[in-house]
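The values are calculated or read from the model by the stated rules, or taken from the named source; none is laboratory data. All figures in this text were calculated on a predicted structure; none of them were measured in a lab. Cβ placement follows ideal geometry from the backbone for every residue including glycine, while neighbour counts extend to all protein chains displayed.
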Amino acid sequence: MAVRTRFAPSPTGYMHIGGMRTALFNWLWARKNKGTFILRIDDTDQQRNIDAALGPILDAFRWLGMDWDEGPEVGGPNGPYFQSQRRSLYDAALQKLLTSGHAYRDFEPPAETQAQRELAEKEKRVYVSSRASLAITADEVAAKVAAGDQFVIRLKVPRGEKVVINDHVRGTVEWDCSLMPDPVVARSDGSPLYNFATVVDDAALDITHVIRAEEHLSNTPIQVLLHRALGNKTPEWAHIPYVAAPGSKEKISKRKIEQYRKNPMFQKLFELGDSVLSRLGFDAKSDALSPVMVAYYQQVGFIPAGILNALVRLGWSYDDQTEILSRSEMIQKFSLDRVIKSAAGLDPDKMISFQSHWMGQLTAAQKLDGVLPFLKQAGLIDDTQSAQTRDYVAQVIDLAGDRLRIFGDIFQLDEFFVADDQVVRDEKNFAKRVVSSESAIANLETLQESLATISEFKAQPLHDMLQSFLTERSLKPGDLFPALRLCLTGKAQGADLFRTLELLGRDRVLTRLKKSLSDARAIKAG
RNA sequence: GGCCCCAUCGUCUAGUUAGGUCUAGGACAUCGGAUUUUCAUUCCGGUAACAGGGGUUCAAAUCCCCUUGGGGUCACCA
């Protein structure tokens, strides 16, 4: 039977990074087996604006190139793919359950049920449903329903039985039905609850493999029972570990951002993100974008290949060597039996490492297309179409080399895009290497003339000239280069100094050097 | 608390199904060294783990039991 998997997000307005990993495993399993990957929207209790809440989720799938065969926008033979539009299916299944006696109307007031639950807990007893409503005759039930009495429909759990599953990841897991309360499957008005709608839809969509996070393991016995009561063939299960916060075993959560900011393992990512985001005009401190969301990575300039590679290695491995996997290699090599059982903490360092690798695989043209929107949004360039601008940016990117791990790293070379009097200066290092060094100032002043007169303002001649400048004066590179860099770029570190000079060009170099030296003297004077 | 799941370097993991070839392998991070007369890369090397205790066995990271620890879930949410 052809493999059919699904990912069923609730429209929450953002795509969770952990959810994306679950979706990836589903997608991979379907693609590997030449099966079908379905997107179904679990919006049974939503009154919110579905379009606005679903958009970011579909965007995340599109960004990562995870296409779906059936679902929103693309449709399919089993639609509609929104649970809110599948009510007739749930109604029919509910009728079936009621007439077959697998489910019953429970008229017990919620407060009463709650009280029983609490009492059981206090007496350290296992709570199971009282089933008092089962004593009511069919006629009385009909009368109550006609009278508009409130009730709830519960599945009648077959006490005494056991539910056993053979999970692809966890092996045999079993539950004792005698310990389970009867789960509510629908409300008085017939509106279905999660477990029920899921089972009806998984069956209707012929889902062969339910691949989901471990947190759903406790829902599984209920769903198995529901499938049985409905006479469905139960799907195969694979409960994958959830994605944990870096360095922890706790499920990563949107509500804990503040806590994550203090997490040392998260630090680097936050610093990276904050600096890029603030350049782009986002309030970096707000939680509107955070590393828990897929959109965050897109916004700061990660590329799909990097994210995909990082996600696939979270809880899954091919062997003891393979770390780098392209999309097609993942599809070819993925398997459920190599999914690990324990929770996998997100590893920001490794994420950046994968990202660097895949960024390095991009062509110059691809990098240019990736970087341009960032510069534009930050107001560092005006026209992304102009040939002159594109050529210049391409040169900066080439100069950046491996320093460009994410597109947002281009801002670390902002000295190439700002006016000469707008260069942001690292004052601390400027004071140390320029202001407080009499010889550095003197040398740089002398150097101005050579820079002004050198015939060819290119990296190699500049390198040769500077080199002999050092030799003639018995200077070490460290005596001059850092100071020169600080004067031109404001930074203590950066790309190749000689190519930086060339790209900046004679005019900007002289203007900046002059200004920096006069600033240095002013600072020194007090 | 009930039910369920999990447990190898700081982190992601290989090895556990078929016990020996594991003085436990790889990657990221980290630390040293070389290269790059700046910076980043690259290269070489180092530090670093089987949660604890009992068994079974000639032999256990691998099998069994217990303990401890961590986590998930307990809705008329999804």
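Applying the selection to segment A:184-213, what residues are closer than 14 Å to A:ASP45 by Cα, within 29 Å of the chain's Cα centre (by Cα) and part of a loop (DSSP other than H, G, I, E, B)? The answer is A:LEU193, and nothing else. Looking at A:LEU39, A:LEU89, A:LEU28, just one residue is within 16 Å of RNA strand B (Cβ to nearest atom), over 30 Å from A:ASP337 (Cβ atoms) and among the aliphatic types (A, V, I, L, M), and that residue is A:LEU89. Run down A:ARG405, A:ARG485, A:ARG433, A:ARG425 and say which single residue is within 16 Å of RNA strand B (Cβ to nearest atom) and in a loop (DSSP other than H, G, I, E, B). The unique qualifying residue is A:ARG405. Scanning segment A:90-98 turns up no residue that is without any contact (Cβ under 8 Å) to a residue 40 or more places away in the chain and closer than 26 Å to A:GLY13 by Cα. One residue stands out in segment A:316-334 among those that are of a type in the set (A, V, I, L, M) and within 17 Å of A:ALA23 (Cα to Cα): the one that is surrounded by the most Cβ atoms within 10 Å (Cβ to Cβ), namely A:MET330.
Yes/no per residue for (1) more than 14 Å from RNA strand B (Cβ to nearest atom); (2) touching a strand residue (DSSP E or B) at 6+ places or on another chain (Cβ under 9 Å):
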{"residue": "A:ILE211", "(1), (2)": "yes, yes"}
{"residue": "A:LEU217", "(1), (2)": "no, yes"}
{"residue": "A:PRO221", "(1), (2)": "no, yes"}
{"residue": "A:HIS227", "(1), (2)": "yes, no"}
{"residue": "A:ILE240", "(1), (2)": "no, yes"}
{"residue": "A:SER248", "(1), (2)": "no, yes"}
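I'm trying to understand the selection: among the residues of segment A:191-209, which are surrounded by fewer than 19 Cβ atoms within 10 Å (Cβ to Cβ) and more than 8 Å from RNA strand B (Cβ to nearest atom)? Selection gives A:ALA204, A:ASP206. Apart from one condition, A:PRO181 fits all of (1) part of a loop (DSSP other than H, G, I, E, B); (2) within 13 Å of RNA strand B (Cβ to nearest atom); (3) free of Cβ contacts under 8 Å to residues at least 24 places away in the same chain; the exception is (3). Total residues in segment A:153-176 satisfying the condition of being surrounded by fewer than 16 Cβ atoms within 10 Å (Cβ to Cβ) and either of a type in the set (Asp, Glu) or in a helix (DSSP H, G or I) (or both): the figure is 3. Checked across segment A:136-143, the condition of being within 11 Å of RNA strand B (Cβ to nearest atom), surrounded by fewer than 18 Cβ atoms within 10 Å (Cβ to Cβ) and at negative phi holds for no residue. Tell me yes or no: at least one residue of segment A:442-454 is at pLDDT 90 or above, of a type in the set (Ser, Thr, Tyr) and crowded, with 19+ Cβ neighbours inside 10 Å. Within segment A:442-454, not a single residue is at pLDDT 90 or above, of a type in the set (Ser, Thr, Tyr) and crowded, with 19+ Cβ neighbours inside 10 Å. Being out of contact with any helix residue (DSSP H, G or I) (no Cβ under 9 Å at 6 or more places or on another chain), modelled with pLDDT of 95 or more and part of a loop (DSSP other than H, G, I, E, B) is the filter here, so list the residues in segment A:21-75 that pass it. A:ASN33, A:LYS34, A:VAL74 - these are the residues of segment A:21-75 that are out of contact with any helix residue (DSSP H, G or I) (no Cβ under 9 Å at 6 or more places or on another chain), modelled with pLDDT of 95 or more and part of a loop (DSSP other than H, G, I, E, B).
Taken over segment A:374-397, residues that are closer than 14 Å to A:ASP409 by Cβ and within 28 Å of the chain's Cα centre (by Cα) amount to 5.
Do we find that A:ALA394 is among the hydrophobic types (A, V, I, L, M, F, W, C), more than 13 Å from RNA strand B (Cβ to nearest atom), over 29 Å from A:GLU271 (Cβ atoms) and surrounded by fewer than 18 Cβ atoms within 10 Å (Cβ to Cβ) in this structure? In short, no. Here is the figure for segment A:14-49: residues that are within 21 Å of the chain's Cα centre (by Cα) and surrounded by fewer than 20 Cβ atoms within 10 Å (Cβ to Cβ) total 1.
Across segment A:26-44, what is the total count of residues that are more than 26 Å from A:PHE302 (Cβ to Cβ) and free of Cβ contacts under 8 Å to residues at least 40 places away in the same chain? The qualifying residues number 3. Remark: A:ALA115 falls outside the filter, which requires a residue to be near RNA strand B (Cβ under 10 Å from one of its atoms) and within 26 Å of A:ASP182 (Cα to Cα). For segment A:335-344, how many residues meet the condition of being surrounded by 18 or more Cβ atoms within 10 Å (Cβ to Cβ) and either within 20 Å of the chain's Cα centre (by Cα) or of a type in the set (Ser, Thr, Tyr) (or both)? Number satisfying all stated conditions: 3.
Within segment A:436-468, the set of residues being of a type outside the set (A, V, I, L, M), within 16 Å of RNA strand B (Cβ to nearest atom), assigned to a helix (DSSP H, G or I) and in contact (Cβ under 8 Å) with a residue 24 or more places away in the chain comprises A:ASN443, A:GLN460, A:HIS463.
Here the condition is being more than 18 Å from A:ALA213 (Cα to Cα) and out of contact with any strand residue (DSSP E or B) (no Cβ under 7 Å at 6 or more places or on another chain); of A:SER328, A:SER342, A:SER317, it holds for A:SER328 alone.
Looking across A:GLN355, A:GLN298, one residue alone is part of a helix (DSSP H, G or I) and away from RNA strand B (no atom under 14 Å from the Cβ). It is A:GLN298.
Only a single item in (1) modelled with pLDDT of 90 or more; (2) among the hydrophobic types (A, V, I, L, M, F, W, C); (3) within 24 Å of A:ALA520 (Cα to Cα) is not met by A:LEU475, and it is number (1). Of all the criteria given as (1) among the acidic types (Asp, Glu); (2) within 16 Å of RNA strand B (Cβ to nearest atom); (3) touching a residue at least 24 places away in the same chain (Cβ under 8 Å), the one not satisfied by A:GLU271 is (3).
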